[in-house]
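Engineer: Here it is, the structure in full.
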Amino acid sequence: MTKKLDMKEVKVALERKVAQTYEPVKPAMQFGFVHNNVDCIGCRACEIACKDKNGLAPGPRFRRVMYVEGGTFPDVFAYKVNMSCNHCAEPACLPTCPTGAIWKREKDGIVDIDSTLCIGCRKCEAACPYGAPQWNVQEQIIQKCNLCVDEIDAGRKPYCVMACMMRVLDIGPIDKLWAGQHQTKAVGPNDKIVRQVKNMASPELTKPSIAFVPHSKGKVE
Amino acid sequence: MATSPVLRSRWPTPKAVAVDAENGGKLLRATYSPLHFKPAIESASDAQCLACHKEVLEDKPRVASPAGVKAADSLAWYQRTSTYSGDQDTFHRRHLTTPLAKKLMNLKCNTCHQGHDPREEAPGSSATAAPQSDNAFTLRKQVNPETTCLKCHGQMPAKEIMGLPGPWHEVKEMFQNDCLTCHAAIRTKRHQVTYLNAEAIEAMAVAGKESKTADDVCYGCHGGRSWYRIAYPYARNAWPGMGDITPEWALQRPQHSESRFLKAEPKP
């Protein structure tokens with residue numbers, strides 16, 4: 001026989017529970033991106049494949065290839081940094097959402113979003129240190145990369161990775177990528193993997209699941 | 001919400017630029033206004049910013065999500081504290097226009113937005129750009145969360161610095177759920193920066209003590225909305241009578257707040 005709930009008690013318990021601090025999900029395995037900053041030619045095929053797959057109008061860009069150039073002749077440099085959502089171990093966007101539209105998958109750590117639940121308060125957009133949540137002006141909602149979760153569940157790779165003609169973008173278990181133990185064409189035999197490149201917000205903020213092969217001028221001292 | 005979509009994107013679309021050219025190039029002139037660059041942005045008023053970016057404060061959240069989730073019925077866990085009031089609102093309005101924000105804070109557009117060349121993806125990318133050491137913005141962000149958001153949305157280092165036996169939410173009952181149990185006497189000169197209203201914050205904390213909700217008042221910023229997993233390294237201003245030896249945890253910390261946030265000393 002089902003015990004009848006004391007709704008007053010439930011309400012008090014619920015209020016106590018929801019005013020607690022947020023505890024991040026600890027996934028069984030964490031997927032992450034790896035990008036080779038040196039060999040990327042900046043063709044933006046990944047950006048376009050992403051926009052195509054997600055039906056994005058001009059404006060929101062889930063993935064972005066950033067051209068970083070500088071120096072003084074003859075010591076000049078140019079390299080690309082390519083980032084989308086970093087599917088952080090402890091995402092800042094997730095706890096800000098008032099409707100629970102953002103969640104982290106326990107099985108592979110993907111930070112997914114159901115934008116049909118979004119009320120457009122834009123708190124997640126502000127909280128993300130890496131600019132991942134994107135504002136859709138027409139719909140007045142936030143959308144973001146979900147690592148093509150449907151492709152992942154079908155055993156394939158995300159559209160951006162599949163579109164990369166230079167094979168400088170890939171995904172894999174992030175722990176193995178950081179340890180250099182994951183076989184990928186994005187990382188050469190003598191390349192050293194880093195977790196942060198110059199001008200990127202500190203990875204200590206949310207522990208982003210991303211690895212880079214950095215340019216010599218993009219290394220963080 | 002019927003503002004120009006042209007100004008909503010970070011970079012004008014080709015179509016917008018073409019339309020703009022027919023109208024005398026006002027948009028491009030506005031994009032490259034000195035107000036978007038240092039040093040003019042440092043003294044820009046909110047009114048000057050909002051003359052073009054008025055949608056920042058005019059836009060409100062949707063009444064309901066596309067699937068029908070009503071904004072009025074949705075409250076996050078951090079929105080159920082005693083200090084939270086009012087309807088769901090946007091990030092910018094919550095920080096600038098709500099009664100609590102106006103009462104406790106003195107945030108301005110340029111508190112967070114310090115400007116940069118709109119062509120640049122990273123500091124130091126052109127001869128006229130800010131140097132690469134400039135930390136006003138980061139890749140994909142127009143602000144640097146480490147020097148802005150983290151001030152109020154970092155972790156509270158309860159164990160490491162204050163020596164509490166555990167995280168605040170686990171041990172707060174031991175301290176009557178009240179930060180002022182200790183902080184009525186320890187580090188009494190607080191919040192003395194231009195972007196906060198120190199007197200209002202202190203008065204609210206005292207009022208919270210009387211209504212037994214002081215925890216909500218302080219913890220709202222000091223750990224209760226910690227989107228980030230590290231603590232902000234607040235400047236360690238030694239208080240009168242404090243010993244000369246700097247503790248280990250404070251060795252890497254500045255001795256005073258950033259100069260742009262320092263309050264002018266009252267004249268005798």
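The values are calculated or read from the model by the stated rules, or taken from the named source; none is laboratory data. The structure displayed is predicted, hence computed values, not measured ones. In this analysis, Cβ positions are derived from the backbone assuming ideal geometry, glycine residues included, and neighbour counts consider all displayed protein chains.
Each row is one residue, and each column tells you yes or no for (1) among the acidic types (D, E); (2) touching a Leu at 6+ places or on another chain (Cβ under 8 Å); (3) more than 24 Å from B:N177 (Cβ to Cβ); (4) assigned to a strand (DSSP E or B).
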| residue | (1), (2), (3), (4) |
| --- | --- |
| B:E199 | yes, no, no, no |
| B:M204 | no, yes, no, no |
| B:G224 | no, no, no, no |
| B:Y234 | no, no, no, no |
| B:P240 | no, no, yes, no |
| B:I245 | no, no, yes, no |
| B:Q255 | no, no, yes, no |
| B:R260 | no, no, yes, no |
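Engineer: Every residue in the range A:185-221 that is at the interface with chain B (Cβ under 8 Å from one of its Cβ atoms) and polar (S, T, N, Q), please.
Structural biologist: A:N199, A:S202, A:T206, listed by residue number.
Engineer: Can you name the residue in the range B:136-186 that is closer than 30 Å to A:C124 by Cβ and among the hydroxyl-bearing types (S, T, Y) and is also surrounded by the fewest Cβ atoms within 10 Å (Cβ to Cβ) among such residues?
Structural biologist: B:T147
Matching residues to (1) in a loop (DSSP other than H, G, I, E, B); (2) more than 9 Å from chain A (Cβ to nearest Cβ); (3) modelled with pLDDT under 85:
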residue	(1), (2), (3)
B:D134	yes, yes, yes
B:N144	yes, no, no
B:K151	no, yes, no
B:H191	yes, yes, no
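Engineer: Follow-up question, since we're still on this one. If the Cβ limit is 7 Å and pairs must be 6+ apart or interchain, which residue in the range B:211-239 that is away from chain A (no Cβ under 12 Å) pairs with which residue that is small (G, A, S) and in a loop (DSSP other than H, G, I, E, B)?
Structural biologist: B:A235/B:S257
Engineer: So which residues in the range B:14-40 are polar (S, T, N, Q) and more than 33 Å from the chain's Cα centre (by Cα), if there are any at all? Reasoning before the result, please.
Structural biologist: Let us first name the residues in the range B:14-40 that are polar (S, T, N, Q), namely B:23, B:31, B:33.
Of everything in the range B:14-40, just one residue is polar (S, T, N, Q) and more than 33 Å from the chain's Cα centre (by Cα), namely B:N23.
Engineer: Pick from A:P214, A:P173, A:P208, A:P133: which is touching a His at 6+ places or on another chain (Cβ under 7 Å) and touching a residue at least 24 places away in the same chain (Cβ under 8 Å)?
Structural biologist: Numbers: A:P214 fails: touching a His at 6+ places or on another chain (Cβ under 7 Å); A:P208 fails: touching a His at 6+ places or on another chain (Cβ under 7 Å); A:P133 fails: touching a His at 6+ places or on another chain (Cβ under 7 Å).
Checking each option against the conditions leaves just A:P173.
Engineer: Within the range B:105-115, is even one residue away from every other protein chain (no Cβ under 12 Å) and of a type in the set (A, V, I, L, M)?
Structural biologist: yes
Engineer: Which of the numbered conditions does B:G24 fail, given that it passes all the others? Conditions: (1) out of contact with any strand residue (DSSP E or B) (no Cβ under 7 Å at 6 or more places or on another chain); (2) farther than 20 Å from B:F261 by Cβ; (3) buried (at least 18 other Cβ atoms within 10 Å of the Cβ).
Structural biologist: Against the list (1) out of contact with any strand residue (DSSP E or B) (no Cβ under 7 Å at 6 or more places or on another chain); (2) farther than 20 Å from B:F261 by Cβ; (3) buried (at least 18 other Cβ atoms within 10 Å of the Cβ), B:G24 comes up short only on (3).
Engineer: Next question. For the condition more than 7 Å from chain A (Cβ to nearest Cβ) and among the aliphatic types (A, V, I, L, M), what is the one hit in B:L139, B:L57, B:L75? Talk me through it step by step, then tell me what you get.
Structural biologist: Working: B:L139 fails: more than 7 Å from chain A (Cβ to nearest Cβ); B:L75 fails: more than 7 Å from chain A (Cβ to nearest Cβ).
The conditions single out B:L57.
Engineer: Okay, next question. So for the range A:61-73 (the condition being within 20 Å of A:V213 (Cα to Cα), in a loop (DSSP other than H, G, I, E, B) and in contact with a Ser or Thr (Cβ under 7 Å, 6 or more places away or on another chain)), does at least one residue qualify?
Structural biologist: The answer is yes, given that some residue of the range A:61-73 is within 20 Å of A:V213 (Cα to Cα), in a loop (DSSP other than H, G, I, E, B) and in contact with a Ser or Thr (Cβ under 7 Å, 6 or more places away or on another chain).
Engineer: Which of the residues spanning the range A:74-93 are assigned to a loop (DSSP other than H, G, I, E, B) and polar (S, T, N, Q)? It would help to see each step written out before you state the result.
Structural biologist: To start, the set of residues in the range A:74-93 that are assigned to a loop (DSSP other than H, G, I, E, B) comprises A:74, A:84-92.
Hits for the range A:74-93 are A:S84, A:N86.
Engineer: For the range A:168-181, state whether one or more residues are surrounded by 16 or more Cβ atoms within 10 Å (Cβ to Cβ), under 21 Å from A:L56 (Cβ atoms) and within 14 Å of chain B (Cβ to nearest Cβ).
Structural biologist: No: the range A:168-181 contains no residue that is surrounded by 16 or more Cβ atoms within 10 Å (Cβ to Cβ), under 21 Å from A:L56 (Cβ atoms) and within 14 Å of chain B (Cβ to nearest Cβ).
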